[in-house]
Amino acid sequence: MHGALLGTESDAAELLGELVDRAGTDPVSAYARQLSFPETRRFWAELPVGNEPAGHGPTVPPEQPACLFAKSEFFRRPLPADAVAALVENFVQGRAPGQSRELDFMPWGGAYNRVPPDATAFVHRDELFQLKHSAVVTPDAPAGLKQAAHRWVTRSWA
């Protein structure tokens, strides 16, 4: 899980602690640090590719592209607690071996929202965040595994 928060380092630590408590298991590794905008951009740009742990540089992506299923949408207000609980519960249910899942909460606002919605073709100027639901399997995965990944994305988005 990777994320960004408009708040302090202690805010992030508190929220991550709550997530760990709800997940019922400790993370393999954790990193939380308050960064400037340029530092944040650099951090995101340097995230590893593939299964390489953070801090070891990017790895060569596989020759075959992954089979990706994704849906996303923008939100103008925080999600209700029961919606977040449902997302987390659904995230872990029924994941098949070989399937990778992601919930990507992308902060919005700030400079994105300074441009009026009718000033460009991109109208999402009043949103608070974007939420992307994605699942990845290998291109040669059996049809059933691909269908399960697609069903999970659709269920999570719903």
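Numbers below:
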{"quantity": "Over the chain, relative contact order from alpha-carbon pairs under 8 Å, at least 6 apart, %", "calculated": "26"}
{"quantity": "Kirkwood-based Rg to Rh ratio, the chain, C-alpha trace", "calculated": "0.97"}
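Read-outs throughout are calculated quantities, based only on the coordinates presented, and are distinct from any laboratory measurement. Here the structure is a predicted model, which is why all the values come from computation and not from measurement.
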